[in-house]
Each structure stands twice: as structure tokens, then as C-alpha cells.
Amino acid sequence: MSTPARTIVVAAGVLHDGAGRVLLVRKRGTTAYMQPGGKPDDGERPDRALVREVAEELGLTVDVDRLAPLGSFTADAANEPGHGVLAHAWAVRLTPQEVDAVAPAAEIDDAVWVTPAQAHELPLAPLTALHLLALVPLTPGR
């Protein structure tokens, strides 16, 4: 990562189906696919921000207790040149009903379920390509 002029703190969710597929989203007016999530509001914990963003962007209610911490990662920002992101990331295994219920809303223009191999055929945000795809559980039941 180059030295960014500004670092944007975000919460990112590696939402997966437990069978090796991960949900990637593309925001309206952009080209890069990335994990759902976003910036915490003032005073909001990143895990709570992720729960809020998943509800706003995808219409899913995910309890904070279901979030499995993955760590914090840095990369160049996909949609803001000269900026970097510091992402606090969590994995969430969705139920089959939740997988079927995903509905892009708010600023989300597209949502796709892909394997990590399929994801690399898409234009990806640096954070997704460099760090988060490698964390997708590849076998059922994980």
C-alpha cells in the first residue's frame, strides 16, 4: 500500500454461506466489488456498525453475537484515490434463508455470491483482493 493522505476506518463483513461462497457487493457508481460494511458513525463500535450496515445495505438482521472476529487490515481505498482503509473485519455464516433473502439496498447496486476463485474474475477492491478473500471458509461447516 502506498502512503495514503488519509485513512478511512471501516467495518467489513466476510458474509459466507458455509459452502465456500462469499457475498461481494458493488456500490452505485463504482466498479470494484468488496465486502459489505461501511464507516462507523461517531461513537459507534465497528462491530455495531457492521450490523447496521448489513441491515441497511442488504436487508439482513444479523446479531452482533454472530460476528467472528478476523482482525484488522489495511489497504488502499478502492473508491477514494489517495486514501487508505483500516478495516476491522468479521466473518458471518449466513443461513440458507438469509442467503436467499439478500436484497441490495441503500447505495448497493449489485450483490453476488462467488467462490474466491470466481471473485478474482471481478474487479476487486484492494482490501478484498489482498486480505479478505483468503479468509473465506472453503469447506462446509466451518
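Since every read-out is calculated from the coordinates, none of them should be taken as a lab result. Bear in mind that the values here come from a model prediction, so they are computed numbers and not experimental data. For neighbour counting, all protein chains shown are included, and Cβ atoms are generated from backbone atoms with ideal geometry for every residue, glycine included.
Remarks
- Number of the exception - Leu67 against (1) surrounded by 17 or more Cβ atoms within 10 Å (Cβ to Cβ); (2) hydrophobic (A, V, I, L, M, F, W, C); (3) closer than 15 Å to Met34 by Cα: (3)
- Residue within segment 2-13 that is crowded, with 22+ Cβ neighbours inside 10 Å and without any contact (Cβ under 8 Å) to a residue 60 or more places away in the chain present: no
- Of the residues examined, Pro81 is not one that is touching a strand residue (DSSP E or B) at 6+ places or on another chain (Cβ under 6 Å), closer than 18 Å to Val9 by Cα, of a type outside the set (A, V, I, L, M) and surrounded by fewer than 16 Cβ atoms within 10 Å (Cβ to Cβ).
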